[in-house]
Each structure stands twice: as structure tokens, then as C-alpha cells.
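The block underneath contains the structure these notes are about, expressed in C-alpha cells.
The values are calculated or read from the model by the stated rules, or taken from the named source; none is laboratory data. Predicted, not measured: the structure shown is a model, and the values here were computed from it. No Cβ is skipped: glycine too gets one built from the backbone with ideal geometry, and neighbour counts run over all protein chains shown. SASA here: full protein model, heavy atoms, side chains in, ligands and nucleic acids out. Shrake-Rupley method; radii C 1.70, N 1.55, O 1.52, S 1.80 Å.
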Amino acid sequence: ATIMTDLPVKLDLHKSELHNYDRTKALKLFQELGFRSLISKLPLSNKEIALSQKSLFEQKRVKAKKKHGKYYLIDNRQKFENLYKKIKKCENFVFDVETTTLNGRLIGISFAFKEKEAYYLPLLDKDRDYYLKEIKPIFEDETHGKIGHNLKYDYLILNGEGIKVLGLNFDTMLAAYVLNPGKRNYDLDSLTFIELGLEKTPIEELIGKGKEQKTLDKISLEEVADYSCEDADITFRLYNLYRPRLKKKLAEVFYSIEMPLVIVLACMEGVGIRLDSRFLRVMSKEITREINFISQKIHKLAGMKFNINSTQQLREILFEKLGIETTDIRKTKTGLSTAAGELEKIRERHKIIDLIAKYREITKLKNTYLEALPKLVAEDDRIHTSFNQTITTTGRLSSSHPNLQNIPIRTSLGNRIRRAFVADEGYKLVAFDYSQIELRVVAHLAQDKKMISAFQKGEDIHAATASWLFHKQISKISDFERREAKTVNFGVLYGMSSYGLAQGMKVDRDYAAEFIDNYFDTFKGVKK
């Protein structure tokens, strides 16, 4: 490709200077385009600059005008009684809990059952137990529908206070996900901007950032009330927006699958999974010995000691001291790459490469699992991960804090780590999964006779594929041949080229290209 440098570009820099502009108009355009992260970078208009130069009193008055509705602080029993009567009359209401930290102590709950209006009930003083006791029956009454944003979190926090919330009716985060599963963010701030064109008060504005960050119980009640009420009010507005959009199939998915799953996942998180920490500690000592042994072998082959984890030192050893051929190795800003994919290309050029790959594999497993997992065990000897409903586009769950879904299974070491997850006495851990679901979908879409026949006979599809490709009986297919067929089955379906397949199968490109041709000759329906 050649860059043309002689295009007649006429740029008048003077005309590019920023003059006064309509910030509201810019915000509206940013909303349409989904440019939420750019809002903070928008310069102030002349009017806003003038306002910011006024007295401190005036600034506070201007800030107060930014409220999106009428928000009330419930700071005595009389106000609480009035709120309680209003909630009791509601068929549905929004609630949003506030805590000291992410999984900290409950310090307040906000309520909304009308747009542009919300109430904040602080739970910090001597009346805390009284308020919780009084509102418990409403939360545990299914006839009152509960609305929220990320209801699972609120459910778990109240569950910790001995309140089992029933009648979870509508989660605006899940509704946004069902309506548009391809989005990256379903947080309230993003949805407020995209759907309503409003700027919500960022939490950092209240608690600060970094080391100076405070907890919400250290912020003035009025500020916390406004912040929490805004959350409840916005959630109610989103509820009114999303509810009519959920029609037919989407409504079925939302009300029959996603919403009932909230409590199921909350219970799973509450129960957690038992971890045998002693098993991991013993294993960690073994792995440390193995790491030291491999390190010594690497240093011996290098002819000197060096920091194997240092990219710069590794680069010098491999490409300068040992003089390994660097053809095909990608260059980065700092020099030749030593990434796993690049070292894979030069495996055959020096036996030190295999040792480095092994060293990296086991040190990563040690740091990520053997050392980290025992630190995440709670007082009940169990790990309580979070299950997320809105992360994957496909509708699968994801796991975080910690991620328990990516523990390796293909290596013997990964399998050993999995043995640390144990069942309570009298119980068993059970694994179940769809059987080759993607290939079944392909067989159905392609109406490929051979593939359909294999499934109908209950054959192992990868072994069956191997038998057709290698012209052997299924009973005589080796594990290696089955693995190769599996690589092709999945790789080719997702558009893998002969180059990619050659790397995956560790064969030359011509052999891989021939393999793909044979595959499509075998499965003509799939090719079509």
C-alpha cells in the first residue's frame, strides 16, 4: 500500500479555533452517537465559564439546579410513616441500596414509584433496626413488584440483613441487555445518558478517587440522599421506557428466563464452592520446585543467569547471545517480540524455547490459581464468585471475582488444580453440558447428510470426521487423529485459513490446505 501525500487538502487552522458553542446541542449529538466518555472532555461554554467564576454560594446554587427531580431525605419517624403508607399502596416500586463499600455494610435505601420523585431512607443511627424491621414485610411480600438496576446485588445485601426480597419484577440492567445484547456497558450512568440524554452524578464526585477516596457513610446525608434518589428515579424512568419495548419473544426471554435466574444466581453466589486450600498449598510447593528446576535448565542453556520474566533480558539472550534466527518474528516499539505466539514460530530453532514456554505456563498457573485462590476463600472455607448475566452476547453466564470459568482443563496441571474444588460430605459435584451444540446447529443449517447421520447414530462427531478424513474405521482412530479432526471441525467453521490451521495442527501449510479441501469434499452441505 502506498500513502498518497499530494491530495489537495485545504485546512484553515484559524477556522478550527474553538469559539462559544451550544453545549446542550453538542450533548444531544453525543447522546445519539453514544459518546458518553467524551462528555467530560467537552470544554465549558462562555456562559458556564461566567457561572464558574461567581461566588462559592452561587456555584452551589447552580449545582443544586442540576437535580433531575424532587428528592426527599427521610430523616425522622414521621416522614418514614408517610413514605411507608405510600409504598404500601404501590403495585410496583424501585429500590436501590447504598453500602459503605462494594460488599460492605448497608447504610441506606432509596425508593421511587413516580418519575422525577424519590425518597432516601438512611440506616445509620439508632432507628436503623426499627426501620429495617418495619420495611421487611413489604420486601418479603410478593404482591409488591420490586424494580431495580442489577437487582441481584440489592437482593444479596438485604439478604445479609435477614430480609429475603420476593417479587423481583423488573431489572432494568437485564432489560437493556435483552433488548440489545451487543452493548458493552449496561451500567446506570451509560444507560441514563444513552436512553434519557441526562448526565448522572458520578460516584467519584461524592467519594473522590484513589487514596483520597472516602466511603459513603463519611459523606453528608444530603449529598448521599440526592445521589441515591437520582439512581432510583432514573431506574424508574428506564423501567417505563423498557417495559413497552419488551414484546413477544423478548418478553418471554426476559420474564421467563432472565428474571427468575436473578434469585437462582444470588443463591449460588451465597452458597459458593468449597476449596481445599491445603491441597493447593502442597501443590504450590511442588510447582515452586519444578519452576526452580526449569529455571536452572534455562540458565544453563543460556550460559548465564538472567530474569526469565524480563522481556528485555529474554530478548537479549535469545536473539543476541544465542543468535536464534529472527525471521518472521514481529517487532514491537521496544524491539523483537517474545510473546508466546512469536516464540511458537521458532520452537524448532532452539530447545530453550520449549523450556521458556513451560516455565511461563506453570508460573502463570501458580500465580493465578495456586497463590491467588486460597486468598479469596471466605470464613466458611468457600469461594463466592459473582455470576454475570449481561457480559456475553450469546446469553451464557460469565464468572468474576474470581473467574472460575477459565481454569485450564487441557493440561494435567490444570486438571490437578480443579481437584481443589470439592463437595461437602454427602454431596457430589456434577458437570453437564450440551453435546457438540455448535456442530449440531451446523448440521441442521447445512442439512449435511453425513454430519446428520453421525449425530443420529450417536457417534462421536470428531472421531467420525477423522474416520472420513483418514479413511479409517472409527474404532481405529487415534487420540491424535481425533484431535486433528476436532481442530478442523471448529477451525474451518469459524473461517480458519490454511495458515491458521497449519499453526494449530503444527503441520506445514500445504498439508493444512489439503486437509481443508478434503473436509469440504466430505461435508459438501457445510461447504455450500
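Criterion first (surrounded by 16 or more Cβ atoms within 10 Å (Cβ to Cβ) and in contact (Cβ under 8 Å) with a residue 40 or more places away in the chain) does residue 455 satisfy it? Don't jump to the end; show me each part of the working.
Details: surrounded by 16 or more Cβ atoms within 10 Å (Cβ to Cβ): yes; in contact (Cβ under 8 Å) with a residue 40 or more places away in the chain: no.
For residue 455, the condition - surrounded by 16 or more Cβ atoms within 10 Å (Cβ to Cβ) and in contact (Cβ under 8 Å) with a residue 40 or more places away in the chain - is not met.
Restricting region 458-486 to residues that are under 26 Å from residue 344 (Cβ atoms), open to solvent by less than 70 Å² (accessible area, probe 1.4 Å) and hydrophobic (A, V, I, L, M, F, W, C), which is modelled with the highest pLDDT? Lay out the reasoning, then the answer.
To start, the set of residues in region 458-486 that are under 26 Å from residue 344 (Cβ atoms) comprises 462, 465-466, 469-470, 478-486.
Of the ones still in play, those that are also open to solvent by less than 70 Å² (accessible area, probe 1.4 Å) are 462, 465-466, 469-470, 478, 481-482, 484-485.
In the following step, the residues that additionally are hydrophobic (A, V, I, L, M, F, W, C) were identified as 466, 469-470, 485.
Numbers: 466: 90, 469: 84, 470: 86, 485: 86.
For region 458-486, the residue satisfying everything is 466.
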Starting from residues that are assigned to a loop (DSSP other than H, G, I, E, B) and either among the hydroxyl-bearing types (Ser, Thr, Tyr) or open to solvent by less than 40 Å² (accessible area, probe 1.4 Å) (or both), keep the ones in region 149-169 and report whichever is nearest to residue 266 (Cα to Cα). 165
Out of 410, 416, I need the residue that is closer than 23 Å to residue 283 by Cα, open to solvent by less than 80 Å² (accessible area, probe 1.4 Å) and among the basic types (Lys, Arg). Which one? 416
Check whether at least one residue in region 8-31 is under 32 Å from the mean Cα position of the chain (by Cα), open to solvent by 100 Å² or more (accessible area, probe 1.4 Å) and closer than 24 Å to residue 189 by Cβ, and report yes or no. yes
Counting only residues that are free of Cβ contacts under 8 Å to residues at least 40 places away in the same chain and either more than 20 Å from residue 447 (Cα to Cα) or surrounded by fewer than 15 Cβ atoms within 10 Å (Cβ to Cβ) (or both), how many does region 487-525 have? 24
Is it the case that region 139-148 has a residue that's under 24 Å from residue 215 (Cβ atoms), surrounded by 20 or more Cβ atoms within 10 Å (Cβ to Cβ) and modelled with pLDDT of 95 or more? yes
Could you tell me whether residue 320 is open to solvent by less than 30 Å² (accessible area, probe 1.4 Å) and within 26 Å of residue 299 (Cα to Cα)? no
Checklist (1) open to solvent by 30 Å² or more (accessible area, probe 1.4 Å); (2) modelled with pLDDT of 90 or more; (3) more than 30 Å from residue 362 (Cα to Cα) applied to residue 443, failing item: (1)
Over region 323-372, the set of residues farther than 20 Å from residue 412 by Cα, out of contact with any Lys or Arg (no Cβ under 8 Å at 6 or more places or on another chain), outside any helix (DSSP H, G or I) and open to solvent by less than 60 Å² (accessible area, probe 1.4 Å) is 323, 326, 332, 346, 350
Please find, among 265, 221, 261, the residue that is of a type in the set (A, V, I, L, M), under 21 Å from residue 201 (Cα atoms) and surrounded by fewer than 20 Cβ atoms within 10 Å (Cβ to Cβ). 221
Can you name every residue in region 422-439 that is open to solvent by 100 Å² or more (accessible area, probe 1.4 Å) and under 17 Å from residue 493 (Cβ atoms)? 434
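Could you check region 264-273 and list, in sequence order, the residues that are outside any helix (DSSP H, G or I) and out of contact with any Phe, Trp or Tyr (no Cβ under 7 Å at 6 or more places or on another chain)? Give the steps one after another, and end with the answer.
Going through region 264-273, the residues outside any helix (DSSP H, G or I) turn out to be 272-273.
272, the sole residue that qualifies.
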For region 398-417, which positions are over 16 Å from residue 372 (Cα atoms) and charged (D, E, K, R)? 410
